[in-house]
Amino acid sequence: MIFKTRLIAVMLLMGLSGSVQADDSLYQELGGKEGISNVMAEMLYELAGDDRIADQFADTDIDRLHQMLTEQVCEISGGPCTYTGEDMVKIHTGLNITNADFNALVENLIIAMEREEIPTTAQNRLLSLLADMHHEVVGL
């Protein structure tokens, strides 16, 4: 599937290039804070209809999740935001998130970015930054 192929390619690039440094250009390519907020809202709509992982968000305060995701992506993309949420390990410990769950979320994010017409290069840059968080989310 194209999503898995893109994720694998991004992860391989991460391994070859080391950590990616966020700068203002990615933030701008994502449409600034408003664009990021729109992508996160679209991703949450996708998640709600995804039978693979929707149940995991059933008791979640979606408005707060949207706010935290927007802050986090804004910050890591080089924007002027500060993520005010809890540590990723603390949030995900005990949730038993699998690689399949993680990949499903990534697929929904890619769909959202496509719908919001985020350029593929910006999508890949963001995915590479988020790939660094895999170990803070999966298998805890």
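The values are calculated or read from the model by the stated rules, or taken from the named source; none is laboratory data. Quick caveat: nothing in here was measured; it's all calculated off a predicted structure. So basically every Cβ, Gly included, is an ideal-geometry build from the backbone, and we count neighbours across all protein chains shown.
Values as computed for the structure displayed
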read-out: Elements of type helices (runs of 4 or more DSSP H) in region 13-95, at least 2 residues being at pLDDT 95 or above and in contact with a helix residue (DSSP H, G or I) (Cβ under 8 Å, 6 or more places away or on another chain); value: 24-29, 32-48, 62-76
read-out: Residues located in region 96-106, provided they are assigned to a helix (DSSP H, G or I), touching a residue at least 40 places away in the same chain (Cβ under 8 Å) and surrounded by 12 or more Cβ atoms within 10 Å (Cβ to Cβ); value: D101, N103, A104, L105, V106
read-out: Qualifying residue in region 84-94 (condition: of a type in the set (D, E), surrounded by fewer than 18 Cβ atoms within 10 Å (Cβ to Cβ), closer than 16 Å to L130 by Cα and within 13 Å of the chain's Cα centre (by Cα)); value: no
read-out: S25 among the hydroxyl-bearing types (S, T, Y), touching a Gly at 6+ places or on another chain (Cβ under 8 Å), closer than 25 Å to T121 by Cβ and surrounded by 11 or more Cβ atoms within 10 Å (Cβ to Cβ); value: yes
read-out: Residue within region 115-125 that is of a type outside the set (G, A, S), in contact (Cβ under 8 Å) with a residue 60 or more places away in the chain and under 22 Å from A54 (Cβ atoms) present; value: yes
read-out: Failed condition for V39, given (1) touching a residue at least 24 places away in the same chain (Cβ under 8 Å); (2) over 21 Å from D24 (Cα atoms); value: (2)
read-out: Test: D61 is exposed (fewer than 11 other Cβ atoms within 10 Å of the Cβ) and more than 13 Å from S37 (Cα to Cα); value: yes
read-out: Residue within region 107-127 that is touching a Gly at 6+ places or on another chain (Cβ under 8 Å), part of a helix (DSSP H, G or I) and surrounded by fewer than 19 Cβ atoms within 10 Å (Cβ to Cβ) present; value: no
